[in-house]
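Here is the structure we will look at.
The values are calculated or read from the model by the stated rules, or taken from the named source; none is laboratory data. Nothing here was measured: the structure is a model prediction, and the numbers come from that model. In this analysis, Cβ positions are derived from the backbone assuming ideal geometry, glycine residues included, and neighbour counts consider all displayed protein chains. Quick note on the areas: whole protein, heavy atoms, side chains included, nothing else; ligands and nucleic acids left out. Shrake-Rupley method; radii C 1.70, N 1.55, O 1.52, S 1.80 Å.
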Amino acid sequence: MTDDLTLHAHLVGRQGSRADLNTPVLVLDADALERNIAAMAGLVAAHGVGLRPHAKTHKSVEIAKRQIAAGAVGVCCAKIGEAEVLAADGIEGILVTSPVAAPRAIERLAALAGKARGLMAVVDHPAVAARLDTALAGRLDVIIDIDPGIARTGVASPEAAVALAETIAALPNLEYRGVQFYCGSQQHIEGYTERRTAIEERTAYLRTVIAALAAAGFAPEIVTGSGTGTHRIDLALGVFTELQAGSYVFMDKQYLDCDLTGDGSVPFETSLGVDSRVVSANHSGLVTIDAGYKSLSTDGGVAVVQRGAPATSFFAFMGDEHAALIAPGIGTELAPGDPVSLTVPHCDPTVNLYDHYHVVRGDTLVAIWPVGARGRAR
């Protein structure tokens, strides 16, 4: 067996044991993680807003527990499968943020509603709401998903939101609680001014939906949404009652490339990385490392060097198993077996490639946490 626990359990607690990890391996800096969790918790509390961080980022019971202990009202899950994993380990206050429409998935959601304290789910279509109501043996709180303009999910107009609220109100097993509005395409606009302008425009639309619902007697108790890229803007605009930001716990390259604060400061630390090793160094300006497409997501650009190689090294994928680091003289500076740590391009899909987090403090492995909801995309 060559699973993570077999390979690495004996290293937990041994001073300097990070150096002995088999690579490529997903590494989590516990101290930076804890500071990130505390920073976001303190920020939302200062604004009198709740935090329901998105667990699709980390897919981890251990991290969810730490977020809730710091004050989060619960967590978000993208899919019912993620929610099942977290609920089975005692996580409460889960919101399933993607509409559940397939017949078998509706059955699973109905079953989970009878076991998971504080479970909520979004709906965006009257017929699906009716199917869900029929499947339930008891009550389920639901949130109306509003399309923020990307035509992915959500009702497409204030009138449609009101009509869906009326449908929900007539169903005996559903309880209308509020609305969801997640502006995913705006999260990674790199410039703060441009991002704020885009969010202000979308928030103005959200206000029209809320006003229409309120006029019809359905003023939302919960207005949930936002993300790491817009959390400060959304707090300042003051419409959301809770934020769904998730990637702040890790800070991948996509968010490091964004000005999150307007002044260029970085409010959270990079806590997540992939440790790799040089496997070939036969050229002066290039070395090959053991982290390729199977080790890093490809949808958010390329990885960047955290340590072990020049920070200016150019990263290039070289296939499933390998990547190149290119820099003047790098092939004479590094040798096969030398460690290189990388900041990941996009944390959510990169985490989904691994079975475990290797949790470190400094250079010592202190724990191995399962990525419990890995692959639970249905």
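Within the group A165, A151, which residue is in a loop (DSSP other than H, G, I, E, B) and at pLDDT 95 or above? Steps first, please.
Working: A165 fails: in a loop (DSSP other than H, G, I, E, B).
After ruling out the rest, the residue left standing is A151.
Looking at region 296-309, which of the residues that are surrounded by 15 or more Cβ atoms within 10 Å (Cβ to Cβ) and of a type outside the set (G, A, S) is nearest to the chain's Cα centre (by Cα)?
Ranking the candidates gives L296 first.
So T97 fits all but one of (1) open to solvent by less than 10 Å² (accessible area, probe 1.4 Å); (2) in contact with a Cys (Cβ under 7 Å, 6 or more places away or on another chain); what number is the exception?
All conditions are met except number (1).
Kindly evaluate T270 against the criterion of being within 21 Å of T97 (Cβ to Cβ), modelled with pLDDT of 95 or more and among the polar types (S, T, N, Q). Please lay out each step first, then the result.
On the way: within 21 Å of T97 (Cβ to Cβ): no; modelled with pLDDT of 95 or more: yes; among the polar types (S, T, N, Q): yes.
When the stated conditions are applied, T270 does not pass them.
Suppose we keep only residues that are among the acidic types (D, E) and without any contact (Cβ under 8 Å) to a residue 60 or more places away in the chain within region 289-327. Which one would you say is nearest to C347 (Cα to Cα)?
Taking region 289-327 first, the residues among the acidic types (D, E) are 290, 299, 320-321.
From what's left, without any contact (Cβ under 8 Å) to a residue 60 or more places away in the chain: 299, 320-321.
Numbers: D299: 10, D320: 18, E321: 19 Å.
It comes out as D299.
Looking at region 24-63 only, could you name the residues that are touching a residue at least 40 places away in the same chain (Cβ under 8 Å), open to solvent by 40 Å² or more (accessible area, probe 1.4 Å) and outside any helix (DSSP H, G or I)?
Of everything in region 24-63, those that are touching a residue at least 40 places away in the same chain (Cβ under 8 Å), open to solvent by 40 Å² or more (accessible area, probe 1.4 Å) and outside any helix (DSSP H, G or I) turn out to be P24, D29, H47, K56.
Considering only residues that are closer than 23 Å to Y255 by Cα and over 21 Å from the mean Cα position of the chain (by Cα), which ones fall in region 336-360?
Residues satisfying the conditions are V340, S341.
Output the residues belonging to region 241-266 that are in contact (Cβ under 8 Å) with a residue 40 or more places away in the chain, farther than 15 Å from R196 by Cα and open to solvent by 20 Å² or more (accessible area, probe 1.4 Å).
Once the filter is applied, which keeps residues that are in contact (Cβ under 8 Å) with a residue 40 or more places away in the chain, farther than 15 Å from R196 by Cα and open to solvent by 20 Å² or more (accessible area, probe 1.4 Å), region 241-266 yields T241, K253, Q254, L256, D257.
Looking at S157, S185, S226, S247, which one is at positive phi and of a type in the set (G, A, S)? Let's see the steps before the verdict.
Details: S157 fails: at positive phi; S185 fails: at positive phi; S247 fails: at positive phi.
Of S157, S185, S226, S247, the one residue that is at positive phi and of a type in the set (G, A, S) is S226.
Mind listing just one residue for me: the one in region 9-23 that is among the hydrophobic types (A, V, I, L, M, F, W, C) and within 20 Å of S295 (Cβ to Cβ) and, of those, surrounded by the fewest Cβ atoms within 10 Å (Cβ to Cβ)? Reasoning before the result, please.
Going residue by residue through region 9-23, those that are among the hydrophobic types (A, V, I, L, M, F, W, C) are 9, 11-12, 19, 21.
Retained after the next criterion (residues that are within 20 Å of S295 (Cβ to Cβ)): 11, 19, 21.
On the way: L11: 19, A19: 12, L21: 20.
So the residue we want is A19.
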